[in-house]
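The values are calculated or read from the model by the stated rules, or taken from the named source; none is laboratory data. Remember, it's a predicted structure, so these values are computed and weren't measured experimentally. Neighbour counts run over all protein chains shown; Cβ positions are idealised from the backbone, glycine included.
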Amino acid sequence: MTSNKYDHRSVLKNEILENIRKHAEINVFCDCTVGEGGHIEFLKDKLDNWTFIGIDRDKKILKRTKERLGDSILLFNDSYANIRRYFDKDIGVFLLDLGLSMYHIKSSERGFSWQMPEEPLDMRFSTNTKKTAAYILNNYPQKDLNRIFEEYGDIINPEKITKSIILFRKKNKFKIIKDLFDAIAIEEPSHFRKFLSKLFQALRIEVNNELEQLRSFLQNMDGIKNKSALFMFISYHSGEDKILKNTIRELKIQSKIVIINKHVIKPSYKEIKANKAARSAKMRIIKYL
Ligand SMILES: C[S@@+](CC[C@H](N)C(=O)[O-])C[C@H]1O[C@@H](n2cnc3c(N)ncnc32)[C@H](O)[C@@H]1O
């Protein structure tokens, strides 16, 4: 597979490079959400004498990463929540590019996209965890379904949908994506793109405990001993960004960090035109003192 055969297009690559060049003090880069390895592939051509490390929760995606980047990169199948395990590697730059990879949507066959009606309602990044989207739809009480659709999907008044889900599961079991369309009476999914994207985002965040994972990372990050470490965060959802913003504010008040970018860094118009998936990306960068 050559580079353009990979599913995912890495975001904000030039902005990441520029900030590494300006602010990094130790030549070890860790992509804590390495995915198919696009960021590292880009950076390793530009940065001489650097060591690169990649972590991803998804064991399957790491097969592609290894094939793409070769043996010179250290790859670990782990969650970034366990970042402390890697502190002995004297890492100078940590990147957390949250959310999912296009690989998950296009190739994983784990039901990450409403455009794949025959795929299972799975949505797990790591198949070692138990909770799937089908489990949530078949078992969560209505009030919890309401909460996740409201909080993680920004769906206003989700009661009508969750009532239909509860009714459906009295007689049927949710297994594949099409079951969800049947339950909420959607015949032409393409007419409901925005709504379905929100619904799927909410389920994915709950399946993978994404906000909890991020909170654990941030708590563990604060145990960093290498005091010049740079942390770069790319978020795509208001829930993630709020957690990041509040943590950064708190660390700044405690004089533990400096904030590198006064304003959130967003992809250029040119990047968004070339890669629509980048449109909601927001990058925040901090450096420990
Ligand atoms: C947006 S993609 C990363 C893209 C990548 N940085 C690149 O080079 O383009 C997000 C990745 O994070 C991974 N991921 C999600 N939750 C994770 C977690 N808790 N720990 C580690 N990786 C995680 C996903 O499997 C996915 O591959």
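Here are the criteria: (1) more than 12 Å from the ligand (Cβ to nearest atom); (2) at pLDDT 95 or above; (3) closer than 25 Å to residue 211 by Cα. Tell me which single one residue 87 does not satisfy.
Among (1) more than 12 Å from the ligand (Cβ to nearest atom); (2) at pLDDT 95 or above; (3) closer than 25 Å to residue 211 by Cα, residue 87 violates only (2).
Out of (1) away from the ligand (no atom under 15 Å from the Cβ); (2) surrounded by fewer than 17 Cβ atoms within 10 Å (Cβ to Cβ); (3) of a type in the set (S, T, N, Q); (4) touching a residue at least 60 places away in the same chain (Cβ under 8 Å), the odd one out for residue 129 is which?
Unmet for residue 129, out of (1) away from the ligand (no atom under 15 Å from the Cβ); (2) surrounded by fewer than 17 Cβ atoms within 10 Å (Cβ to Cβ); (3) of a type in the set (S, T, N, Q); (4) touching a residue at least 60 places away in the same chain (Cβ under 8 Å): (1).
If you scan region 38-50, which residues turn out to be in contact with a helix residue (DSSP H, G or I) (Cβ under 8 Å, 6 or more places away or on another chain) and more than 7 Å from the ligand (Cβ to nearest atom)?
41, 42, 43, 44, 46, 47, 50
Just to check your reading of the model, which residue among 73, 61 is over 13 Å from residue 103 (Cα atoms) and β-branched (Val, Ile, Thr)?
Values: 61 fails: over 13 Å from residue 103 (Cα atoms).
Result of the check over 73, 61: 73.
Being of a type outside the set (A, V, I, L, M, F, W, C) and modelled with pLDDT of 95 or more is the filter here, so list the residues in region 127-148 that pass it.
Filtering region 127-148 down to residues of a type outside the set (A, V, I, L, M, F, W, C) leaves 127-132, 135, 138-144, 146-147.
Selection gives 131, 132, 135, 138, 139, 140, 141, 142, 143, 144, 146, 147.
Considering only residues that are touching a helix residue (DSSP H, G or I) at 6+ places or on another chain (Cβ under 8 Å) and either more than 12 Å from the ligand (Cβ to nearest atom) or in contact (Cβ under 8 Å) with a residue 40 or more places away in the chain (or both), which ones fall in region 60-71?
Of everything in region 60-71, those that are touching a helix residue (DSSP H, G or I) at 6+ places or on another chain (Cβ under 8 Å) and either more than 12 Å from the ligand (Cβ to nearest atom) or in contact (Cβ under 8 Å) with a residue 40 or more places away in the chain (or both) turn out to be 61, 64, 68.
Could we say that residue 156 is over 23 Å from the mean Cα position of the chain (by Cα), surrounded by fewer than 17 Cβ atoms within 10 Å (Cβ to Cβ) and over 30 Å from residue 235 (Cβ atoms) here? Can you show your working first?
On the way: over 23 Å from the mean Cα position of the chain (by Cα): yes; surrounded by fewer than 17 Cβ atoms within 10 Å (Cβ to Cβ): yes; over 30 Å from residue 235 (Cβ atoms): no.
Here the answer is no, as residue 156 does not meet what is asked.
Spot the failing condition for residue 48; the list is (1) over 22 Å from the mean Cα position of the chain (by Cα); (2) more than 18 Å from residue 73 (Cα to Cα); (3) of a type in the set (Asp, Glu), and only one is missed.
Against the list (1) over 22 Å from the mean Cα position of the chain (by Cα); (2) more than 18 Å from residue 73 (Cα to Cα); (3) of a type in the set (Asp, Glu), residue 48 comes up short only on (2).
Residue by residue, here is whether (1) in contact (Cβ under 8 Å) with a residue 24 or more places away in the chain; (2) in contact with a strand residue (DSSP E or B) (Cβ under 6 Å, 6 or more places away or on another chain); (3) surrounded by fewer than 21 Cβ atoms within 10 Å (Cβ to Cβ) holds:
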{"position": "7", "(1), (2), (3)": "yes, no, yes"}
{"position": "29", "(1), (2), (3)": "yes, yes, no"}
{"position": "32", "(1), (2), (3)": "yes, yes, no"}
{"position": "45", "(1), (2), (3)": "no, no, yes"}
{"position": "53", "(1), (2), (3)": "yes, yes, yes"}
{"position": "58", "(1), (2), (3)": "yes, no, no"}
{"position": "75", "(1), (2), (3)": "yes, yes, yes"}
{"position": "87", "(1), (2), (3)": "yes, no, yes"}
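I'm checking my understanding of the structure. Among residues of region 90-112 that are of a type in the set (Asp, Glu) and more than 8 Å from the ligand (Cβ to nearest atom), which one is farthest from residue 41 (Cα to Cα)? Before you say what the answer is, go through the steps one by one.
Within region 90-112, the subset of a type in the set (Asp, Glu) is 90, 97, 109.
Remaining after also requiring more than 8 Å from the ligand (Cβ to nearest atom): 90, 109.
Numbers: 90: 21, 109: 25 Å.
For region 90-112, the residue satisfying everything is 109.
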